[in-house]
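One structure is given here, and the rest of the page talks about it.
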Amino acid sequence: MQLGASMPVSDIGAGSGPIRDYAQAAEGLGYDYLQAPDHVLGANALTASPGARRIGTNAAAYHDPFVMCSFLAGCTKAIGFAAGVLILAQRQAVLVAKQAACLDQLCDGRFRLGVGVGWNEVEFVGLGENFANRGKRSEEQVRVMLALWAEPAVDFTGEFHRVPDAGINPRPTRGRVPLWFGGHAEATFRRTAKYGDGFMPLAYPPGDEALAAFEKVRRLTREAGRDPAAMGFEVWVSPGVGTPDDWRKEITFWKQAGVTHVTAHTSFISEHHKRIAGTRFEDHLAAITAYRAAVADLL
């Protein structure tokens, strides 16, 4: 089991110094990877009114995952990187395939590409993409990227994409960038099973619902003619709540469930995720230091 840490850019600052120092500190602690979130655009935080719909604003800083991971690849030696998750459907598929392949080369294969369909409509409007068909379109995007990573030249005609006997260079050294899917829709389960190297759900606390979701992915993977034993699973945990004993019990559950990657996330909030109390660099570093010390022997 690998243990990763989130990059709390919105708290520690977007400058090169704190980002570099945090990444190097996490690597020194023995973390296996760093996770980069993704939002290109946010609604004006001063005027946005969510009403009945969830709206993401520009109040928090987000670095582009490709840019930040490329920068950190030059500042670190062995730690991995993951996009968690890149909102694929608001980008051009061929460009994402190129960016991911270049990053794969420059960081010596240390990058995993997590993808999702997104939820913040303002981003799609600003980027000129269709929010309504993002799920269907993203599946075809995956097919385009896999083809471009695998072959020197591709002749692809789909509903949304046309690649006329062309290819990218460089391509990933292993023939593909590890592709992980985030989300919980029925279509996400099917896409993960058919195309994915891993599944990154956030909706499930430790328990039967999570176990059922993992088993569903394994079953669908088997039905797709692929090896379910090769499928990775990632969950997020919250160092900001609980005791070291609580952390150890949760890690033990996830390990027994077949989880391969656990991200210690210090700023994510949901029904069962809680951020740490502080916002300083030192607060985040103390949280991931204490967490890894508590669970290291269980990984």
*Note the angle between two axes, namely the Cα long axis of helix 16-29 and the longest principal axis of the Cα atoms of the chain, as a number of degrees from 0 to 90, rounded to the nearest 10.*
70 degrees
_Testing the spin-label approximation: label points 7 Å from Cα along Cα→Cβ at E151 and A286. State their distance in nm._
5.6 nm
_Net +/- balance of residues flanking K216 in space, Cβ distance below 12 Å, scoring K and R +1, D and E -1_ = 0
*Select from F214, G196, A147 the residue farthest towards the positive end of the dipole of segment 144-255; place +1 on Cβ of Lys and Arg, -1 on Cβ of Asp and Glu, and compute about the Cα centre.*
A147
*Could you pull out the GluC sites (Glu not before Pro) across segment 233-296 that fall in loop regions by DSSP (anything but H, G, I, E, B) with no more than 15 other Cβ atoms inside 10 Å?*
E271
*For helix 134-150, what angle does its Cα long axis make with the longest principal axis of the chain, in degrees from 0 to 90 and rounded to 10?*
80 degrees
_If you average the alpha carbon positions of segment 1-54 and of segment 59-108, how far apart do those two centres end up, in angstrom?_
13 Å
*How about segment 205-299: which trypsin sites (Lys or Arg not before Pro) there lie in a loop by DSSP and see at most 14 other Cβ atoms within 10 Å?*
R280
*Tell me, H39, H273 in order of fewest to most beta-carbon neighbours within 10 Å?*
H273, H39
*R222 label point, 7 Å along Cα→Cβ, cut-off 16 Å on backbone N: hits in segment 256-272?*
258
*Taking every pair of Cα atoms in segment 2-298, average 1/r, invert it to obtain the Kirkwood radius, and report Rg/Rh to two decimals.*
0.95
*Within segment 77-107, what residues put their amide N at less than 17 Å from the label point 7 Å along the Cα-to-Cβ vector of A187?*
86-93
*Rounded to the nearest 500, what is the chain's calculated 222 nm mean residue ellipticity when only DSSP H runs of at least 4 contribute -39500 (n - 2.57) each, over all residues?*
-12000 deg cm²/dmol
*Within a Cβ distance under 13 Å of I276, other residues only, what is the Lys/Arg minus Asp/Glu net charge?*
0
*How would you rank L46, L3, L113, L298, going from fewest to most other Cβ atoms within 10 Å of each one's own Cβ?*
L46, L298, L3, L113
*How about segment 130-229: which GluC sites (Glu not before Pro) there lie in a loop by DSSP and see at most 12 other Cβ atoms within 10 Å?*
E159
*With both partners inside the chain, how many of the DSSP beta bridges are antiparallel, as a percent to the nearest 5?*
10 percent
*Highest first, please rank the peptides 62-75, 10-23, 88-101 by the mean number of other Cβ atoms sitting within 10 Å of their residues.*
88-101, 62-75, 10-23
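Values quoted throughout were computed directly from the atomic coordinates according to the rules given, and no laboratory measurement underlies them. Not measured: the values here are computed from a predicted model. FYI the Cβ positions are ideal-geometry reconstructions off the backbone, even for glycines, and counts take in every protein chain you see.
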